[in-house]
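Undergrad: Below: one structure in structure tokens.
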Amino acid sequence: MGDSTDIGTASSLPVHVEIPGYRLRYASDTDAIGIWFSAEQEKLGRKVTLKVLNPKYESHPQARREFLAEMDRMAPLDHPNLPHVLDMVREGTLVLVVERIGSMALNRHLAQEKKPMPEARALGVALGVAKGLAYLWGKGLAHKNVCPRTVVLRDDAECRLVPFRNLITTEELKALKGKLAQDPQYAAPEQLAGPDPVGPTTP
């Protein structure tokens with residue numbers, strides 16, 4: 001990685017953080033322990049999506065363990081409908097770098113368009129999500145919150161299922177039976193109750 005980082009302006013970034021070798025353009029999202037940035041990898045001139053452990057949790061052992069566990073689960077994944085990990089920093093400021101995920105989350109796209117998605121496109125998105133989920137299940141992993149907010153559309157008509165903190169083992173998913181761990185509007189019936197077992201079709 002290179003030496004310089006353009007961290008933008010105080011108004012465009014929620015925290016002051018410097019990642020050598022990356023220009024942070026703007027903060028795109030947050031989760032319980034991390035902040036997402038749209039960034040550029042200076043050495044290759046490549047647009048990437050970068051997640052940083054929120055500085056307020058830098059000294060929080062549990063948050064660091066969760067972030068590192070997320071890295072370990074994400075790093076080996078290799079599927080066209082899941083983000084590819086490009087780089088990571090496991091000491092000091094924890095950083096996870098993935099390919100540029102996409103242009104817009106599905107929920108935002110639908111809200112912006114204010115009309116149904118064309119059938120062919122909708123079927124393509126559904127198929128992409130299903131393929132990503134099947135791949136994860138084959139690796140002993142599951143996505144605990146599949147919903148329009150965790151599906152990102154790409155300019156090339158592909159989509160990415162965004163796992164990150166929603167990525168759990170299949171055994172953890174089975175142990176959640178009867179508990180609400182996702183958006184209630186998209187929870188599978190067998191996850192919440194009933195005799196049907198939790199399986200690869202549950203997410």
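Undergrad: What size of dipole, in debye to the nearest 20, comes out for the chain about its Cα centre when the only charges are +1 on Lys and Arg C-beta atoms and -1 on Asp and Glu C-beta atoms? Write down the numbers at each step before the final one.
TA: On the way: 26 positive and 25 negative charges, 70 e Å.
The calculation lands at about 340 debye.
Undergrad: Which pairs in the list 115/174; 139/179; 51/144 are over 26 Å apart, alpha-carbon to alpha-carbon? Walk me through the intermediate numbers first.
TA: Details: 115/174 36 Å; 139/179 23 Å; 51/144 20 Å.
The answer is 115/174.
Undergrad: Another one. Need the full-extension length gain, residue 155 to residue 131, defined as separation in residues times 0.36 nm minus the C-alpha distance. One decimal, nm. List each step's numbers first, then the result.
TA: Working: separation 24, 0.36 × 24 = 8.64 nm, distance 1.90 nm.
Contour length minus the Cα-Cα distance gives 6.7 nm.
Undergrad: Return a whole-number percent for the relative contact order of the chain, with Cα pairs under 8 Å and 6 or more residues apart as the contact set.
TA: In percent, rounded to a whole number, it is 14.
Undergrad: Compute, for residue 108, the solvent-accessible surface of its heavy atoms (probe 1.4 Å) with the complete set of protein chains present, and express it in square angstrom to the nearest 10.
TA: Approximately 140 Å² for this residue.
Undergrad: Scan around residue 25 for amide H atoms under 5 Å from its own, H built in the peptide plane at 1.01 Å from N, and keep only partners 5 or more places away or cross-chain.
TA: 38, 39, 40
Undergrad: Once both axes come from the Cα atoms, what is the angle between helix 119-138 and the longest principal axis of the chain, in degrees from 0 to 90, rounded to 10?
TA: Helix 119-138 sits at roughly 90 degrees to that axis.
Undergrad: Considering every pair of different Cα atoms, what Kirkwood radius, in Å, is found for the chain? Could the numbers behind the result be given before it?
TA: Working: mean 1/r = 0.0554 Å⁻¹.
Computed over the chain, the radius equals 18.1 Å.
The values are calculated or read from the model by the stated rules, or taken from the named source; none is laboratory data. Since this is a predicted model, take the numbers as computed values, not measurements. Heads up, the Cβs are rebuilt from the backbone with ideal geometry, glycines too, and the neighbour counts pull from every protein chain shown. Side chains included, ligands, DNA and RNA excluded: accessible areas come from the protein's heavy atoms. Shrake-Rupley method; radii C 1.70, N 1.55, O 1.52, S 1.80 Å.
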